[in-house]
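Structure first, commentary second.
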Amino acid sequence: MLSSSETSVQITNALEKLIDSGISLGERVLGALIIFIVGKFLVNWLNRLFARILEKRKVDPSILKSMVNILLLIMLILAVIGKLGIELTGFAALLASAGVAIGMALSGNLQNFAGGLIILLFRPYKVGDYIDASTGASGTVKEIQIFHTILITPDNKMVY
């Protein structure tokens, strides 16, 4: 059996460890909160800067702006999680494998998406232009969307 003094020493040691752990956790949470607040400010500032750059270059900012915003927010979340002391290697492996699986499942759509981005960025044609597509279709561009372009043929048919 433990004596009264030995029990009080064990309780004191346990309380000291608990207090040290609480202080360490508090420091990590406070650091993560500071990173989040400063990071959110930086993300908003970078988004505004990116939008101004796109406007100067006369590029449609809608899709690129949202992609950059998502990428910056993911980086911010990873920084906060890292500051909290959570191991990120397993999370990174999970993200990579999910990206490969989604990419393989949507390979055709991703090709169309990439083509749509190229059209929106480089603007080889615009709404109202008459074009001959590589598929053999030709007509006037009615609408440019991220996954396809809509043409109106000379015989008034819509081609996607």
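Miscellaneous remarks
- For LEU120, solvent-accessible area (1.4 Å; no DNA, RNA or ligand), Å²: 30 Å²
- C-alpha long axis of helix 107-122 to longest principal axis of the chain, angle in °: 70 degrees
- Residues whose placed amide H lies under 5 Å from that of SER138, excluding near-sequence neighbours: ALA133
- Nearest 10 degrees, 0 to 90: helix 4-56 Cα axis against the chain principal axis: 20 degrees
- Of PHE41, PHE122, PHE147, PHE113, the order by accessible heavy-atom surface (1.4 Å probe, DNA, RNA and ligands excluded), from most exposed downward, is PHE122, PHE41, PHE147, PHE113.
- Per atom type, the chain shows carbon and sulfur on 68% of its accessible surface, probed at 1.4 Å.
- 3J(HN,Hα) along the range 82-89: x, 5, 6, x, 7, 5, 9, 5 Hz, from the Karplus curve 6.51 cos²θ - 1.76 cosθ + 1.60 with θ = phi - 60°, whole Hz, x for Gly and Pro.
- Rounded to the nearest 20, the size of the Cβ-charge dipole of the range 1-132 about its Cα centre is 780 debye, with Lys and Arg at +1 and Asp and Glu at -1.
- Heavy-atom surface of the range 96-144, accessible at 1.4 Å and reported per residue (Å²): 67 Å²
- Working note: 222 nm ellipticity from helices only, DSSP H runs with n ≥ 4, each -39,500 (n - 2.57), summed and divided by the residues of the chain, gives -24500 deg cm²/dmol to the nearest 500.
- Accessible area, probe 1.4 Å, largest first, for residues SER4, SER107: SER4, SER107
- Shape call, the chain: gyration tensor on alpha carbons, a/c limit 1.5: prolate
- Going by accessible surface with a 1.4 Å probe and the largest first, TYR160, TYR130 read TYR160, TYR130.
The values are calculated or read from the model by the stated rules, or taken from the named source; none is laboratory data. Here the structure is a predicted model, which means the values were calculated and not measured. Glycine also receives a Cβ, built like all others from the backbone with ideal geometry; neighbour counts cover every protein chain displayed. Just the protein is used for accessible areas: all its heavy atoms, side chains included, with ligands, DNA and RNA removed. Shrake-Rupley method; radii C 1.70, N 1.55, O 1.52, S 1.80 Å.
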